[in-house]
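Peer 1: Here's a structure for you.
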Amino acid sequence: MNKKFVNKMINLAYNSKMEHAKILVVGAGGIGCELLKTLVMVGIDNITVIDIDTIDKSNLNRQFLFRPEHVGRPKAEVAVSTLKELRPSLNVTGIQANITNYGNDFFQNFAIVLNALDNLEARRYVNRLCVSTKIPMIDAGTQGKLGQVTVHVPHITACYECEPKPTPKTYPVCTIRSTPSKPIHCIVWAKYLYEALFGLRDPDNILSDLQKKAEGFSDLGKELFNLLFKEELPEEAKKIEISIENIVGSQINEDKIGSLQEYAAGFIYAVENLKSREPKPFDKDDQLAIQFVGAASNLRAANFKIEQLNLFKTKEIAGNIIPAVATTNAMAAGLQVIEALKILRNKNEPKNVWISEHASDSKIIVSGNMPPPMPKCYTCSVGSVKVKLNFNTFTLGDLVSKILKNELSMQNPTLNLENGSILYESGEGLDEEDEERYAKNYKMTLNELKLADGVRVSCDNFSTDFTIKLIISHDENQELYEIVGEIVENEENHKENGENQNELKRKSDNSDERECKKLKIVEDIEN
């Protein structure tokens with residue numbers, strides 16, 4: 001960008017309602033820091049930034065609002081104080097919280113939402129709130145030297161979920177459990193182990209059997225070490241021939257590859273600290289979780305004579321991190337601000353923009369028109385989804401966890417039948433009688449609940465004002481489930497437009513018969 005162009009964009013900010021608009025920035029990481037800095041530098045006065053994380057030492061090489069003395073403090077809080085040093089009169093608010101704690105009432109305070117997130121679930125949540133409140137959202141992500149900025153204006157352009165996301169990498173269960181051959185296999189195993197022991201309990205976890213065994217241990221760290229790395233091993237694995245009895249727990253060095261004794265000490269240290277805290281899902285920025293995964297994965301690597309990795313590299317792989325490039329983050333953030341100026345000025349048409357590593361027609365930044373909403377997107381356009389499953393084996397809990405939460409990203413769904421009765425509800429405000437009834441329903445199969453073939457279930461997620469209708473058909477040959485046939489538009493639109501029904505067919509994994517069921521390892525763009 002030349003100086004003349006930059007000055008022009010700054011003048012646009014001062015000469016438009018952008019100067020006084022309330023802006024919500026979600027995320028204060030690599031892109032978020034650059035985004036906040038750029039907004040302030042072009043004269044934006046009213047900014048709210050929300051981020052759940054605290055500052056880690058590894059953030060300092062690309063998140064330039066933070067300094068070494070800030071390590072351990074909330075990102076949102078420190079970002080606000082640094083921005084006020086640039087402009088003391090700035091009206092900026094920092095919130096340390098998960099964005100999923102906020103709903104429509106909060107979002108309605110803002111003119112535009114700028115995403116600087118690093119995971120798919122949070123992006124979907126923000127997208128649904130923006131669709132519900134009709135607030136424009138501009139999303140950005142980078143991957144090394146690649147980047148993109150996409151503009152989403154509700155009901156005018158495609159929403160974030162209109163386009164399918166890349167298929168996640170998968171690994172066979174038998175490879176993870178019995179025949180690892182690469183460091184990634186050991187790291188995936190260690191993450192499943194963490195979730196089974198110290199995360200939110202999931203009966204579908206491939207290591208849930210270890211969770212039950214561990215419940216009877218009196219000295220969890222040492223007994224678990226002996227079980228995992230010395231006793232219950234496949235024939236081709238080598239036992240770790242060290243005595244755990246006299247080893248004292250201590251943290252692993254982040255930069256170097258340690259000895260087996262050091263990893264054993266790191267394992268004991270992590271287990272002893274993790275067992276005394278509340279269960280929480282794996283997070284790449286959780287130092288205890290990373291210590292556990294780093295120690296466990298390297299000990300398992302030793303069992304199978306696999307290359308060991310230092311903690312820094314383990315964190316990259318466990319968090320699906322591609323090392324960020326600060327320049328790419330700055331470019332993406334600058335492009336977000338330019339597109340926001342266009343929307344709030346309501347004069348120039350916004351564009352989706354891509355940053356490429358190699359020039360195309362002498363350009364590394366390429367823009368394109370925003371596509372219209374996809375008529376079959378279940379977030380912004382459609383009303384119902386058809387599902388096939390076996391009513392005799394599929395429980396209501398399976399329906400909630402596997403389809404509504406995993407497939408459709410609903411946090412706290414409420415399920416209603418067409419006769420008005422509530423089948424299931426979660427969240428705060430339930431009395432004891434309702435909680436007991438819904439807990440009982442959760443464990444029952446659809447057949448035991450006396451649901452008929454072709455039943456229509458209305459599923460509401462009130463926090464995001466998101467509703468979808470499931471049309472559920474019985475298929476006794478289904479081992480798991482299948483989202484199949486039609487993703488149907490809202491019935492009124494469907495009759496009016498007469499558009500073809502989408503022949504989307506997405507089968508759940510049925511490879512249990514072959515023993516090696518595929519596991520999904522979600523790759524999020526690193527911000």
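Peer 1: Which number in (1) at pLDDT 85 or above; (2) out of contact with any strand residue (DSSP E or B) (no Cβ under 8 Å at 6 or more places or on another chain); (3) surrounded by fewer than 17 Cβ atoms within 10 Å (Cβ to Cβ) marks the one condition that residue 373 misses?
Peer 2: (3)
Peer 1: Considering region 19-69 alone, what residues qualify as being hydrophobic (A, V, I, L, M, F, W, C), surrounded by fewer than 22 Cβ atoms within 10 Å (Cβ to Cβ) and over 25 Å from the mean Cα position of the chain (by Cα)?
Peer 2: Within region 19-69, 21, 40, 41, 42 meet the criteria.
Peer 1: Do the conditions hold for residue 468, that is, is it in contact with a Cys (Cβ under 6 Å, 6 or more places away or on another chain), crowded, with 16+ Cβ neighbours inside 10 Å and not assigned by TED's automatic domain parsing to the domain that holds residue 122?
Peer 2: Judged against the criteria, residue 468 is a match.
Peer 1: Sticking with this one: Please give the number of the condition residue 348 fails out of (1) under 19 Å from residue 159 (Cα atoms); (2) in a loop (DSSP other than H, G, I, E, B).
Peer 2: Just one mismatch for residue 348, condition (1).
Peer 1: Out of all the residues in region 201-227, which are touching a residue at least 40 places away in the same chain (Cβ under 8 Å), open to solvent by 10 Å² or more (accessible area, probe 1.4 Å) and under 23 Å from residue 265 (Cβ atoms)?
Peer 2: Scanning region 201-227 gives 220, 222.
Peer 1: Just need a number here: residues in region 346-370 that are charged (D, E, K, R) and surrounded by 15 or more Cβ atoms within 10 Å (Cβ to Cβ).
Peer 2: 1
Peer 1: Of the residues that make up region 336-345, is at least one under 25 Å from the mean Cα position of the chain (by Cα) and open to solvent by 10 Å² or more (accessible area, probe 1.4 Å)?
Peer 2: Checking region 336-345: not a single residue is under 25 Å from the mean Cα position of the chain (by Cα) and open to solvent by 10 Å² or more (accessible area, probe 1.4 Å).
Peer 1: While we're on this one: Tell me whether region 3-12 contains one or more residues that are in the same structural domain as residue 137 (by TED's automatic domain parsing) and either modelled with pLDDT of 95 or more or crowded, with 21+ Cβ neighbours inside 10 Å (or both).
Peer 2: Scanning region 3-12 turns up no residue that is in the same structural domain as residue 137 (by TED's automatic domain parsing) and either modelled with pLDDT of 95 or more or crowded, with 21+ Cβ neighbours inside 10 Å (or both).
Residues are listed down the side, and each one gets a yes or a no for (1) open to solvent by 40 Å² or more (accessible area, probe 1.4 Å); (2) not assigned by TED's automatic domain parsing to the domain that holds residue 76:
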{"residue": "114", "(1), (2)": "no, no"}
{"residue": "121", "(1), (2)": "yes, no"}
{"residue": "125", "(1), (2)": "no, no"}
{"residue": "138", "(1), (2)": "no, no"}
{"residue": "156", "(1), (2)": "yes, no"}
{"residue": "172", "(1), (2)": "no, yes"}
{"residue": "176", "(1), (2)": "no, yes"}
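Peer 1: Just a yes or no: is a residue in region 80-91 closer than 26 Å to residue 323 by Cβ and either of a type in the set (Ser, Thr, Tyr) or not assigned by TED's automatic domain parsing to the domain that holds residue 23 (or both)?
Peer 2: yes
Peer 1: What number of residues within region 13-41 are within 15 Å of residue 343 (Cα to Cα), at pLDDT 55 or above and in a helix (DSSP H, G or I)?
Peer 2: Result for region 13-41: 4.
Peer 1: Spot the failing condition for residue 322; the list is (1) outside any helix (DSSP H, G or I); (2) more than 30 Å from residue 180 (Cα to Cα); (3) open to solvent by 20 Å² or more (accessible area, probe 1.4 Å), and only one is missed.
Peer 2: (2)
Peer 1: Which fully enclosed strands (runs of 3 or more DSSP E) of region 116-200 have 2 or more residues being touching a residue at least 12 places away in the same chain (Cβ under 8 Å), among the β-branched types (Val, Ile, Thr) and under 30 Å from residue 299 (Cα atoms)?
Peer 2: Of the strands (runs of 3 or more DSSP E) lying wholly inside region 116-200, none has at least 2 residues that are touching a residue at least 12 places away in the same chain (Cβ under 8 Å), among the β-branched types (Val, Ile, Thr) and under 30 Å from residue 299 (Cα atoms).
Peer 1: Hey, does region 303-317 have a residue that's open to solvent by 70 Å² or more (accessible area, probe 1.4 Å), farther than 24 Å from residue 180 by Cβ and assigned to a loop (DSSP other than H, G, I, E, B)?
Peer 2: Looking through region 303-317, none of the residues is open to solvent by 70 Å² or more (accessible area, probe 1.4 Å), farther than 24 Å from residue 180 by Cβ and assigned to a loop (DSSP other than H, G, I, E, B).
Peer 1: Kindly indicate the residue of region 241-261 that is modelled with pLDDT of 85 or more and among the charged types (D, E, K, R) and also least open to solvent (accessible area, probe 1.4 Å) among those meeting that condition.
Peer 2: Only one residue fits best here, namely 256.
Peer 1: Say we look at region 195-222 and pick out the residues that are among the small types (Gly, Ala, Ser) and within 24 Å of residue 245 (Cβ to Cβ); which of these is farthest from the chain's Cα centre (by Cα)?
Peer 2: This residue is 218.
Peer 1: When the residues of region 377-387 are filtered to those that are crowded, with 19+ Cβ neighbours inside 10 Å and of a type outside the set (S, T, N, Q), which remaining residue is modelled with the lowest pLDDT?
Peer 2: This residue is 382.
The values are calculated or read from the model by the stated rules, or taken from the named source; none is laboratory data. Given the structure is predicted, the values throughout are model-derived calculations rather than measurements. Heads up, the Cβs are rebuilt from the backbone with ideal geometry, glycines too, and the neighbour counts pull from every protein chain shown. Note: accessible area is taken over every heavy atom of the protein model, side chains too, but ligands, DNA and RNA are not part of it. Shrake-Rupley method; radii C 1.70, N 1.55, O 1.52, S 1.80 Å.
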